[in-house]
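S.K.: First the structure, which I've put down as structure tokens, then a few questions once you've had a look.
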Amino acid sequence: MSALPVESQPRRLGEILIARGKLDPANLDRALRLQEGETREKLGVILSRLGLVSARDLADALSEQLGLEVAAASEYPELPLLEEQVSYRFLRDARALPLRETDEGFVVAMADPADEYTLRALAMVCGRPVLPRLAVVTELESALERLYGAGKSSMGQIVDNIATRDEEQDFGDVEHLKDLASEAPVVRLVNLLITHALESRASDIHIEPFENRLIVRLRIDGVLNEVESPPRRLSAAVISRVKIMANLDIAERRLPQDGRIKLRIQGKEIDLRVSTVPTMHGESVVMRILDKGGVPLDFASLGFDGDVLQAFLAALNQPHGVLLVTGPTGSGKTTTLYTALDRLNQPDVKILTVEDPVEYQMPGINQIQVKPQINLTFANALRSIVRQDPDVIMIGEIRDLETAEIAVQSALTGHLVLSTVHTNDAPSTVNRLLDMGVEDYLLTSTVVGILAQRLVRALCTHCRKPYAALPEVVEQMGLRRFVPEGGVTLFHPAGCPRCSGTGYHGRLGIMEMLPMTDRLRSLVMRHANSADLRAAAVEEGMESMFENGLRKAVAGVTTIEEVLRVTRED
């Protein structure tokens, strides 16, 4: 049996979690007080029970403290080992599971590898040394249930505790539906969906009722993935629970509704933006997850580099003017604007924003939520905030001529205005504003730059596989621009436990930055089309989104396929 290097580790678990940014000192003190006062449980158990730290983060911190490897989900066996010698009850109570036998001994996943009693007992039963591995508790419990239990997932076990109801009665009786949605099993079911989405790094949760089933899908790295769903009979209860959490009217099922849920899960402040719309078979619900701590307000993390970053910062440092970010829904425009605001946010700079909705609350910035039902529109709010003496104004979106004109007037009176427009690329933004009715001379005198962007999935750095690009691909894509000599190496997504087998982990931007130069201004005054504007910008050194994406593919951060998927260029 191997000895554990517990005493040799000077750092405490709480210190490691704080250093990793997974726990704050106030919550650590709270857990320590609880440990001293009410229970003698280990700190990790308390942190997990209070929901202050995720099972994965706890395992990684213990791994650093104890110097032990974390067992991967793929290591758990397909069939039980030592089934005749060790009972399920013992393994469940000890929170341990034999993984495999090696020449050195039995490898065992354990929630607590410092549990000497369990180590001695297993070594005695095996007749061989025990090699402990740290287990992620949620993965260990799932494996134990799969191998020894009824084979049901956590959701399946919760569903079994919910009595079968008559669905028509659920839909018809609002009070009965409210009672059902407030029962512990339904509450746990919805909490499980949200927790699973967070652990999967999802940005959106889609709950969609159809005629014969309820479908739950998560958008992970921009791509929808179907996951385990509750049975169709529980759709009314699940959707009503979400509506209760978002303070929506559960009796109103004929009209769309919007709301917000604030939660604290695994030590993180989570906002969920909730949207419901009536469909043929019930209400479809989409929850956008706004993880305040999960958004990196850092240009490098977003994919800015080289000339694009320099040109964007040059425009951002202008004392006045209009800086626009453009792209379709879900292309990261808002995150880019918040990152820009975070850079500008200094004690001597007053920043006001008008947004629909306010996605992230930022200290030191005055943020206004538009409310069209009381006539607080972008345009009306902008008229008022100009009198508030701001230095920087951020407008969530320029949707109409009125808002565009006020943005331009604000820039003319000495303000820096940041905003978004829905167009496909940077040059066509100019034509979009002209089509809205903005005067060409106002456009040329105020717009300082236009950034267009898309999001591509980033390759998982732990499992990406290099390969030599075919000469035909090198020629067709023009990759010699980036690798003048020798072979061109690109990368394939492979898939590993860290990226849930997808080969991708996270997203980053590919972008093009169009600074408003004198040559472009003269073309705008002549109402040149977007193709002429693009040709002139490229001659002046602008790198297109497609080229920016190819550069990142050659650098190994994404794939050619991802670049083609989001730019739709052949």
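S.K.: Given Arg507, Arg521, which one is within 21 Å of Thr336 (Cβ to Cβ) and either touching a Cys at 6+ places or on another chain (Cβ under 9 Å) or open to solvent by 40 Å² or more (accessible area, probe 1.4 Å) (or both)?
M.R.: Only one candidate passes the filter, namely Arg507.
S.K.: I've got another one for you. May I ask you to list the residues in the stretch 496-526 that are under 20 Å from Glu539 (Cα atoms), of a type in the set (Ser, Thr, Tyr) and in a loop (DSSP other than H, G, I, E, B)?
M.R.: Thr517
S.K.: Here's another thing I want to ask about it. Restricting attention to the stretch 340-362, and to residues there that are surrounded by fewer than 20 Cβ atoms within 10 Å (Cβ to Cβ) and in contact with a Leu (Cβ under 6 Å, 6 or more places away or on another chain), which single residue is farthest from Ile398 (Cα to Cα)?
M.R.: Once the filter is applied, the top-ranked residue is Asp342.
To keep it simple, each residue is scored yes or no on (1) at pLDDT 90 or above; (2) surrounded by 15 or more Cβ atoms within 10 Å (Cβ to Cβ).
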| residue | (1), (2) |
| --- | --- |
| Glu539 | yes, no |
| Met542 | yes, yes |
| Ile560 | yes, yes |
| Thr567 | no, yes |
| Asp570 | no, no |
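S.K.: With the structure loaded, tell me whether Pro466 is of a type outside the set (A, V, I, L, M) and either in contact (Cβ under 8 Å) with a residue 40 or more places away in the chain or buried (at least 20 other Cβ atoms within 10 Å of the Cβ) (or both) or whether it fails that test.
M.R.: Spelling it out, Pro466 is indeed of a type outside the set (A, V, I, L, M) and either in contact (Cβ under 8 Å) with a residue 40 or more places away in the chain or buried (at least 20 other Cβ atoms within 10 Å of the Cβ) (or both).
S.K.: Being in contact (Cβ under 8 Å) with a residue 40 or more places away in the chain, more than 30 Å from Leu550 (Cα to Cα) and open to solvent by 30 Å² or more (accessible area, probe 1.4 Å) narrows it down to one of Asp425, Asp391, Asp400, so name that one.
M.R.: One residue alone meets the criteria, Asp391.
S.K.: Which residues, counting only those in the stretch 343-362, are within 19 Å of the chain's Cα centre (by Cα) and in contact (Cβ under 8 Å) with a residue 40 or more places away in the chain?
M.R.: Of everything in the stretch 343-362, those that are within 19 Å of the chain's Cα centre (by Cα) and in contact (Cβ under 8 Å) with a residue 40 or more places away in the chain turn out to be Pro357, Glu359, Tyr360, Gln361.
S.K.: Just need a number here: residues in the stretch 94-114 that are open to solvent by less than 80 Å² (accessible area, probe 1.4 Å), farther than 18 Å from Gly44 by Cβ and part of a loop (DSSP other than H, G, I, E, B).
M.R.: Adding up the residues that qualify gives 2.
S.K.: Exactly one condition in (1) hydroxyl-bearing (Ser, Thr, Tyr); (2) at pLDDT 80 or above; (3) open to solvent by less than 50 Å² (accessible area, probe 1.4 Å) is false for Tyr117; which is it?
M.R.: Every condition holds for Tyr117 apart from (3).
The values are calculated or read from the model by the stated rules, or taken from the named source; none is laboratory data. Just so we're clear, the structure is a prediction, and the values are computed from it rather than from any experiment. Methodologically, a virtual Cβ is constructed for each residue, glycine included, from the backbone with ideal geometry; neighbour enumeration extends over all protein chains shown. Heavy atoms of the whole protein, side chains included, go into the accessibility calculation; ligands, DNA and RNA do not. Shrake-Rupley method; radii C 1.70, N 1.55, O 1.52, S 1.80 Å.
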